[in-house]
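Here is the structure we will look at, set down as structure tokens.
Every read-out reported here was derived from the displayed coordinates using simple, explicitly stated rules and does not represent laboratory data. Just so you know, these numbers come straight off a predicted model, no measurement behind them. Here the Cβ positions follow ideal geometry from the backbone for every residue, glycine too, while neighbour counts run over all protein chains shown.
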Amino acid sequence: MDEKRELSRLRDMVERYLESCFNGSPAHGALYESMRYSLLAGGKRIRPVLTLAFCQAAGGEPDRALPLAAAIEMVHTYSLIHDDLPSMDNDSLRRGRPTNHRVFGESMAILAGDALQAAAFSRVLWSDLSAQQKADAALVLARAAGEDGMVAGQVLDLEGERRPLAPDEIAKMNALKTGCLLEAACMMGVIAAGGTECQLHAARGYASALGLAFQVRDDMLDETSTAQQMGKTVGKDRKAHKSTYVARLGLDGCKRLVAEQTALAKQALQGAGMETKLIFALADELAERVS
């Protein structure tokens with residue numbers, strides 16, 4: 001298998017599916033336009049590709065996991081819309097374009113985010129999976145996105161603007177804010193394939209380590225990259241005096257931590273009975289990303 005070509009194929013599958021969403025009625029025209037503006041703005045599609053890749057690795061057909069992959073991207077997109085709001089990060093650039101509230105207004109941006117979150121669960125429940133698979137996937141997604149998952153991570157992130165976070169708080173913030181959705185993406189892929197408990201456990205371990213590597217790399221790029229490369233404002237963490245891995249470890253220390261966690265992600269899949277080449281390649285790609 002040519003891993004780069006296969007990852008590109010999975011990304012294309014995701015893009016085509018998302019393009020089919022919310023083409024909608026005139027009654028909802030403005031809302032759908034706002035939802036599609038952010039959902040179709042591009043990005044790396046890491047989470048939905050992980051869902052498809054883990055479905056394939058666990059012996060399933062990736063197209064069966066497409067509604068779940070779209071669901072995880074909808075939740076991620078809603079979180080970005082809300083994260084950019086004036087009451088949160090007050091950002092003006094996302095994925096190389098003006099943020100949603102800058103184009104559609106703050107009220108419509110909030111509603112678009114709300115609608116995307118609800119639509120994510122609709123996609124899971126409309127899928128062709130068994131009733132048990134739908135219930136399992138919806139529960140995984142709800143736990144990852146909710147008050148003990150991504151939202152809790154956002155709360156810690158806001159607290160970090162008012163006071164320096166201790167090392168264990170930084171780790172917890174990133175595990176919740178970034179890691180939870182990555183874990184859900186991988187686990188939902190295994191669920192769509194009808195995978196085993198061992199494979200679910202391995203997928204979660206992979207994603208936990210990958211999430212830390214991803215966040216550390218993100219902190220590095222916030223310091224070293226440009227807004228044009230990243231498609232979003234850079235240097236804002238330092239300006240907001242946020243607690244980051246770069247501030248604590250320096251760039252060299254962060255580079256070592258990314259390599260260490262990428263290796264741990266791969267190790268987590270040993271003995272799980274999955275085809276690992278593709279998901280190993282994705283871990284390496286994310287560790288070396290420049291945007």
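Legend: residue pairs LYS4/LYS177; LYS172/LYS242; LYS134/LYS177; LYS4/LYS44, Cα-Cα distance threshold 18 Å; pairs beyond threshold, LYS4/LYS177; LYS134/LYS177.
Phi angles of the stretch 205-215 translate, via the Karplus equation with coefficients 6.51, -1.76, 1.60 and θ = phi - 60°, into HN-Hα couplings of x, 4, 5, 4, 5, 4, x, 5, 4, 4, 5 Hz per residue; Gly and Pro are given as x. For the stretch 5-73, the list of trypsin sites (Lys or Arg not before Pro) that fall in a loop by DSSP and count at most 15 other C-beta atoms within 10 angstrom reads LYS44.
For the stretch 1-78, the fraction of alpha-carbon pairs lying more than 15 Å apart is 55 percent, rounded to a whole number.
Between the C-alpha center of the stretch 165-229 and that of the stretch 40-80 there is a gap of 14 Å. Between LEU93 and THR99, THR233, the built amide H atoms are under 5 Å apart, and every one of these is 5 or more places off in sequence or on another chain. Scaling the Cα radius of gyration of the chain by the globular reference 2.2 N^0.38 Å produces a ratio of 0.95. Note: relative contact order over the chain, using C-alpha pairs below 8 Å and six or more positions apart, is 22 percent. Helix content alone sets the calculated 222 nm mean residue ellipticity of the chain: runs of n ≥ 4 DSSP H residues at -39500 (n - 2.57) each, divided across all residues, give -22000 deg cm²/dmol. Across the stretch 25-63, the residues whose backbone nitrogen lies under 20 Å from the label position 7 Å along the beta-carbon direction of ASP12 are 40-57, 61-63. Here the stretch 100-141 was treated as a single set of alpha-carbon atoms; its pair distances binned every 10 Å from 0 give 29, 35, 22, 14, 0 percent. In order along the stretch 31-47, the Karplus-derived 3J(HN,Hα) couplings, from 6.51 cos²θ - 1.76 cosθ + 1.60 at θ = phi - 60°, round to 5, 4, 4, 5, 4, 5, 4, 7, 5, 9, 7, x, x, 7, 6, 4, 5 Hz, and Gly and Pro are given as x.
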